[in-house]
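The values are calculated or read from the model by the stated rules, or taken from the named source; none is laboratory data. Since we're looking at a predicted model, the values are computed, not measured. So basically every Cβ, Gly included, is an ideal-geometry build from the backbone, and we count neighbours across all protein chains shown. Just the protein is used for accessible areas: all its heavy atoms, side chains included, with ligands, DNA and RNA removed. Shrake-Rupley method; radii C 1.70, N 1.55, O 1.52, S 1.80 Å.
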Amino acid sequence: MNLSQHTRQAWGIPVMAVSGGIIVANLYYNQPILHHIAASLQAPDSSIGRMSMTAQMGYGLGMLLLVPLGDMLHRKRLIVTICLLLCATLLLTAAARNTTAILFLSFFTGLFSTPAQIILPMAAALGRENRGKTVGKVYSGILCGMLGSRVLSGLITSWLGWQYVFLFSAVLVCCAIVLLALFLPEIPPRFRGSYGGLLKSTLGLIKEYPVLRQSALLGAFTFGAFCSFWTTVTFHLSGAPFHYSTAQIGLFGIIAIGGALVAPVFGKAADKGNVFRGLYLSVGMMAASIMLLKMFPYSTTLLIAGIFFLDIGVQATQITNFTRIYALNEHAHSRLNTVYMTTYFIGAAIGTGFGLLSWKMGGWNMATWQMLLWSLIALTIVAVSQRRSATAGMLHKA
């Protein structure tokens, strides 16, 4: 099937956004249905509970070892090949009948879900003028996949059984493969060295670019606070005075999806050069939302408003960060993304741990204090980054 250049350009970004969401959702499908899987396999909840951990381990390894290949190999072929492996893994997961197989396949599900992080820098390479807007659209698609996966897996499991979640996802991934093969642009690789040299150069970027270090640290603290919130709010909503069911709590993810769709507006602002103004606004919105959640812990209406604006703040910060780092080196987008996203997920893990510890020590009050602290640290990082950027600009002029 031959498609015109205009058709490829018109559909390329929407296809990247939808496909990225379909792929990354596979990291999160298991979270709401772990108990159902354990009951089906007659295994302890604690054993099946390691599915999420092994999937994240696989994803982390893929971030380090597979994503940098986007600068070395033909990206389109690399993405399609890994997606085919993901599809096969999902089909095997649906057929698995013991804990060992489930955990083994969960690791490879995470490993082969990394094409979403190759697609994102690929979108950034399509044009400089509207980079923030383009990255914002694709990242919103990825985020909708992350947030919507939990709702979808719960519904499918309640209707048909947990195996159909993975069968359904395999079908979606197959559809994504067809779309990607048709509409992804042909971008030749720029890195000419060896694989070892590729990985070494990835680490070299950390030392070379202060903006990368600043953005990665900012991303770690904002996403850490975000993950801390979603970990502890489940306990908050399941207790008095709410006593919400698991299904009701899962529906709050829809609010976050709404926030994700608004966040690309900040990408447009970054394109116009209003980087630090946008960061102050987005991180400030995040801090204000957490303060609102702290002051009115039992108001459902204000909880919904807080979740909406918290999500806008966090995701807008990430989009602005992506816009900044992708402008550093046009030939190293995948490697820049590897450094940023690895730090990002380290922040997520630490934030989740501190959230659980805060909840154990002082419930929702202590948890929101911890999130507020992280958001204030994030604001400090923005201020320091702005000052250093201004200093660097003055030295450059001199």
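Some points to look at:
- Taking residues in the stretch 317-335 that are closer than 19 Å to M72 by Cβ, and partners anywhere that are open to solvent by 20 Å² or more (accessible area, probe 1.4 Å) and not β-branched (V, I, T), the pairs with Cβ atoms closer than 6 Å and at least 6 places apart or on different chains are L328/Y209; H331/R190; H333/A125.
- Within the stretch 118-139, none of the residues are among the polar types (S, T, N, Q) and at pLDDT 85 or above.
- Given (1) touching a Phe, Trp or Tyr at 6+ places or on another chain (Cβ under 7 Å); (2) outside any helix (DSSP H, G or I); (3) not acidic (D, E), index of the condition Q318 fails: (2)
- Complete set of residues in the stretch 62-83 that are assigned to a loop (DSSP other than H, G, I, E, B) and either free of Cβ contacts under 8 Å to residues at least 60 places away in the same chain or within 15 Å of E186 (Cβ to Cβ) (or both): L66, L73, H74
- Odd one out for H243 among (1) in contact (Cβ under 8 Å) with a residue 40 or more places away in the chain; (2) open to solvent by 60 Å² or more (accessible area, probe 1.4 Å): (1)
- Hits in the stretch 116-127 (condition: open to solvent by 30 Å² or more (accessible area, probe 1.4 Å) and either in contact with a Phe, Trp or Tyr (Cβ under 9 Å, 6 or more places away or on another chain) or of a type in the set (S, T, N, Q) (or both)): A125
Residue-by-condition table, conditions (1) outside any loop (DSSP other than H, G, I, E, B); (2) in contact (Cβ under 8 Å) with a residue 40 or more places away in the chain; (3) in contact with a helix residue (DSSP H, G or I) (Cβ under 8 Å, 6 or more places away or on another chain); (4) open to solvent by 20 Å² or more (accessible area, probe 1.4 Å):
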residue: I37; (1), (2), (3), (4): yes, yes, yes, no
residue: M53; (1), (2), (3), (4): yes, no, no, yes
residue: I102; (1), (2), (3), (4): yes, yes, yes, no
residue: T114; (1), (2), (3), (4): no, yes, yes, no
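- Test: S228 is more than 18 Å from V24 (Cα to Cα), hydroxyl-bearing (S, T, Y) and open to solvent by less than 10 Å² (accessible area, probe 1.4 Å): yes
- The stretch 159-170, residues that are in contact (Cβ under 8 Å) with a residue 60 or more places away in the chain and part of a helix (DSSP H, G or I): Q163, Y164, V165, F166, L167, S169, A170
- Checking E330 against (1) open to solvent by less than 40 Å² (accessible area, probe 1.4 Å); (2) closer than 25 Å to R131 by Cβ, the condition it does not meet: (1)
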